[in-house]
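Q: Starting off with a structure, shown below.
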Amino acid sequence: IAFMEISGGPVTAVGENGTILRTTNEGTTWMPIASGTTATLRDISDFNFHVVGDSGTILRTTDNGLSWYQVPRVTTRRLNAVSNGFSGIACGDSGMILLRQSSVSDIWSAANSGTAADLHGIPMFSSKDIVVGDMGLILRSTNFGGAWFPQNSRTTTRLNHAEYSTNNTSRVYC
């Protein structure tokens, strides 16, 4: 679920068979929005509205979720998470990491994650620096996604999501 932080701003949810639902009255009623795909949609970014899903699907809206278009496909792997807080990053199965080239671009490119593990989560305010996944995997980048390094999570449990503490820099919670 993604929302705009303004009174009465839209809330958008995504799901199976290309489902996109939108509400502008705090969830009292939901309106289906055409997605143009039947792929399962797995995540939506809160900023710069992008949706990711199965078969490398990436959708984008430029009108606060009233209409969506498909971004050129970079992969056929399932994408599990997306963040556009400062730039753009998506992650998915078999170590897939995609980086958005600029905040105004629809061009995404694959980055070398150095792993074949499935990746599941990215912090909402990510600056292309943390991704989490199977077997307790935490990957960190210090150069905006150019290179990724495993961090010791001290667990072998699947990590589904990561989030920064309130100041977005000092702690990451998984």
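Q: Can you give me the Cα centroid spacing of the stretch 94-156 and the stretch 1-76 in angstrom?
A: Answer, in whole Å: 22.
Q: Taking the chain as a Gaussian network, where each spring joins two C-alpha atoms under 10 Å apart, which residue of Gly92, Gly18, Gly27 fluctuates the most?
A: Looking only at Gly92, Gly18, Gly27, the largest GNM fluctuation is found for Gly27.
Q: For Glu163, Glu26, Glu16, what's the largest-to-smallest order of accessible area, 1.4 Å probe?
A: Result, largest first: Glu26, Glu16, Glu163.
Q: So for the pair Phe144, Thr19, with labels modelled 7 Å out along Cα→Cβ, what separation do we get in nm?
A: So the label points at Phe144 and Thr19 sit 3.8 nm apart.
Q: What number comes out for accessible area per residue over the chain if the probe is 1.4 Å? Units Å², please. Let's see the in-between values first.
A: Values: 8610 Å² over 174 residues.
In whole numbers, the chain has 49 Å² accessible per residue.
Q: Considering only protein heavy atoms and a 1.4 Å probe, what is the carbon-and-sulfur percentage of the accessible area of the chain?
A: On the chain, the fraction of accessible area on carbon and sulfur atoms equals 51 percent.
Q: Suppose every Lys and Arg Cβ carries +1 and every Asp and Glu Cβ carries -1, with no other charges. What dipole size does the chain come out with about its Cα centre, to the nearest 20 debye?
A: It works out to roughly 360 debye.
Q: What is the set of long-range amide H partners of Ala147 at a cut-off below 5 Å, with H atoms built 1.01 Å from backbone N?
A: So Ala147 has HN proximity to Thr142.
Q: Let me ask something else. Which of Pro150, Ser94, Asn17 sits farthest toward the positive end of the charge dipole of the chain, with +1 on the Cβ of Lys and Arg and -1 on the Cβ of Asp and Glu?
A: Pro150
Q: Oh, and also: Any chance you could run the full-extension gain for Asn160 through Ala110? It's 0.36 nm times the residue separation minus the Cα-Cα distance, nm to one decimal. Intermediate results must be reported in sequence, preceding the final value.
A: Details: separation 50, 0.36 × 50 = 18.00 nm, distance 2.07 nm.
That works out to 15.9 nm of additional length.
Q: Another question, if that's okay. For Ser153 and Ser103 in one chain, what is 0.36 nm times their gap in residues minus the Cα-Cα distance, to one decimal in nm?
A: Between Ser153 and Ser103, full extension yields an extra 14.9 nm.
The values are calculated or read from the model by the stated rules, or taken from the named source; none is laboratory data. In this text, all values refer to a predicted model and were calculated from it rather than measured experimentally. Quick reminder, even Gly has a Cβ in these numbers, built from the backbone with ideal geometry, and neighbours come from all protein chains shown. Remember, those area values only see protein heavy atoms, side chains included, never the ligands or the DNA or RNA. Shrake-Rupley method; radii C 1.70, N 1.55, O 1.52, S 1.80 Å.
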